[in-house]
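Working notes for the structure below.
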Amino acid sequence: MNSSAHDPIVVRQKGKHLVVDIHAHLNVAAAEAAIRAAIPDLPRGLPFSCPASDNVNARMFKEIGPKLNGVELRLADMDRQGVDVQAISPNPGQYYYFAPPELGRDLARAINDGIADAVGSVPDRLVGMGTLPLQDCTMAIEEMRRCVKDLGMRGIEIGTSAAGRELADPSLRPFFAAAEELGILLFIHPLGFTHGNRLSEHYLNNIIGNPLESSIALSHLIFGGVLDDHPGLKLCVAHGGGYLPSYWGRMDHAYRERPDCRQNISREPSSYLRDIWLDTLVFDQTQLAALVHSHGSGRLCMGTDYPFDMGEPDPVGFHSRLGDEDRIRILGQNATELLGLSPIQK
């Protein structure tokens, strides 16, 4: 299909207000089989773990496999949760940035085609977000344009670093410029902490590591000047944006006091933080209220991390204590505008 990031996508709305899950995942089994055939000795997806966590993860993946890899059970869960639309992004375990560039490109295409097929099966319930071979910026831009123009995708999920490079690395600047030009959403999602040798026990590499990894990546994007250079960039960060939204005063103080903290930026770091979107996957009502207070409900979107066990099982209920205006914006209105959705009552 030929499309653009600005054509409206007609989606189903069951209740009075559209409910959109901006953070849900799909695994594409064909790409997983292809990478295992091409690289039999794959690097460990979660290198900082322990036997107890490995055992729990094995049971979890067996249990959620049909949901993670398919659509039918997903739709039933969406109905049960009161979710009208899921924006589905790749399983973060399918970041294949470590692969040789040509293989990475082919795998990204396979994943994106698989997501597009899933969306095509229920186009009024699912919206696609793709992946890119960020190990090669030229190939990444080419695939991103295909995702938008041929597959009708509204977002691209990216990791918190790319083949050992920070997201603010100069080699990736053309990618961010192209994303800004296309008007496509970039959804940043971590996969554990890259230096998590102290986080192997108790699943800390996910519990602490995921938000810490996002905090570091977002700090590089801010202090490295990417957000200053590309003010039109549409960026959403998973898991409430990590730790920065609750501790932004420290980076603002550094900006005011230290010249090395304002080399690439023209205003306080927290002002860039409030220009981006965050999901509300924070699990605690006090932390949700703090996000609304500090960040504003206009830049928050509901996310569940479906179908993983570290997801929110009752997303609509989790937001029920908010005021009507804040709740409506977060549950779907912001994502509707961000993704270019056009709801119709069904």
Counting each DSSP H run of 4 or more residues in the chain as -39500 (n - 2.57), what helix-only mean residue ellipticity at 222 nm follows after dividing by all residues, to the nearest 500 deg cm²/dmol?
-> -12500 deg cm²/dmol
In Hz, Karplus ³J(HN,Hα) per residue of region 312-318 (6.51, -1.76, 1.60; θ = phi - 60°; x = Gly, Pro) = 9, x, 10, x, 5, x, 4
Residues with amide H under 5 Å of Leu186's amide H, sequence separation 5 or more or different chain, H placed in the peptide plane at 1.01 Å from N; which?
-> Ile156, Lys234, Leu235, Cys236
Eligible aspartates and glutamates near Lys62 by straight Cα distance, threshold 13 Å, same-chain separation 8 or greater | Asp54, Asp309
If you take the beta carbon distance between Ser266 and Glu325 as r and set R0 to 35 Å, what does 1/(1 + (r/R0)^6) give as a FRET efficiency, to the nearest 0.05?
-> 0.65
Top positive-direction residue, dipole computed over the chain with Cβ charges, set Leu75, Ser214, Tyr255 | Leu75
Using the Kyte-Doolittle scale, find the helices of the chain whose mean hydropathy is at least -0.5 and whose Cα atoms extend 24 Å or more along the helix's long axis, counting only whole DSSP H runs.
-> 101-121
Listed by chain and number, the residues whose amide H is under 5 Å from that of Ile9, excluding neighbours fewer than 5 places away on the same chain and using placed H, are Leu341, Ser342
Counting DSSP beta bridges in the chain, what percent are antiparallel, to the nearest 5?
-> 5 percent
Rounded if a/c is under 1.5, else prolate if a/b beats b/c, else oblate: with a ≥ b ≥ c from the C-alpha gyration tensor eigenvalues square-rooted, which is region 9-345?
-> rounded
Place +1 on the Cβ of every Lys and Arg and -1 on the Cβ of every Asp and Glu in region 9-345, take the dipole about the Cα centre, and give the residue among Phe175, Leu18, Cys236 whose Cα lies farthest towards its positive end.
-> Leu18
Taking springs between alpha-carbon atoms closer than 10 angstrom, which of Ile156, Ile188, Ile328 fluctuates most in the Gaussian network model of the chain?
-> Ile328
So how strong a dipole does region 9-345 carry about its Cα centre when Lys and Arg Cβ are +1 and Asp and Glu Cβ are -1, to the nearest 20 debye?
-> 260 debye
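Laboratory data are not the source of any read-out in this text; all were calculated from the coordinates shown. Everything numeric in this text was worked out from a predicted model, so none of it was measured. Reconstructed Cβ throughout: ideal geometry from the backbone, glycine too, with neighbour counts over all protein chains shown.
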